[in-house]
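Below: the structure, in structure tokens.
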Amino acid sequence: MTFFKILLAVLGLLIAVDLAVAATTLTTPAFPADSAGITHVGTLSCAVTNGSDKTTSSSTVTLLNSGGVGSLESLPPIPPGGSANGSFSDALGLGLASCRCSVPNTLHKCSLMYVDPDSGAVVVVPGN
């Protein structure tokens, strides 16, 4: 009986570790790049932060417009604790922009960045 309890505990641990390292897709909430009378003339980009302890090289980002259309972009290898972002695009005309990030595990985070051209201020919209 004790053998089975140990076996179940080990299996539970392996499943928990496997879930932490499973590839996943993260999205950000929409940012009003050009909607409801609000016009932002800055630039937008999607970014991925690596929260793991290993360099990863399989992250992709897609900056989506309000119609859900965007282009897929592969990111360079990201070191532990580092981040990388996709190309910056003009915000004007995107409508409600958001990011979709495909990352190698749940220790990575996805965000959308807006850069104001006048002040240089950066607005970061974290994903889930």
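A few remarks follow.
- Taking label points 7 Å from Cα along the Cα-to-Cβ direction, residue 41 and residue 66 give a separation of 2.0 nm.
- Rounded, prolate or oblate (a/c below 1.5 giving rounded, otherwise prolate when a/b exceeds b/c) for the stretch 23-126 by Cα gyration tensor: prolate
- The listed peptides 97-105, 70-78, ordered by packing as a protection proxy, come out as 97-105, 70-78 (highest mean of other Cβ atoms within 10 Å first).
None of the figures in this text is laboratory data; all of them are computed from the coordinates on show. Not measured: the values here are computed from a predicted model. Glycine gets a Cβ as well: all are built from the backbone with ideal geometry, and neighbour counts include every protein chain shown.
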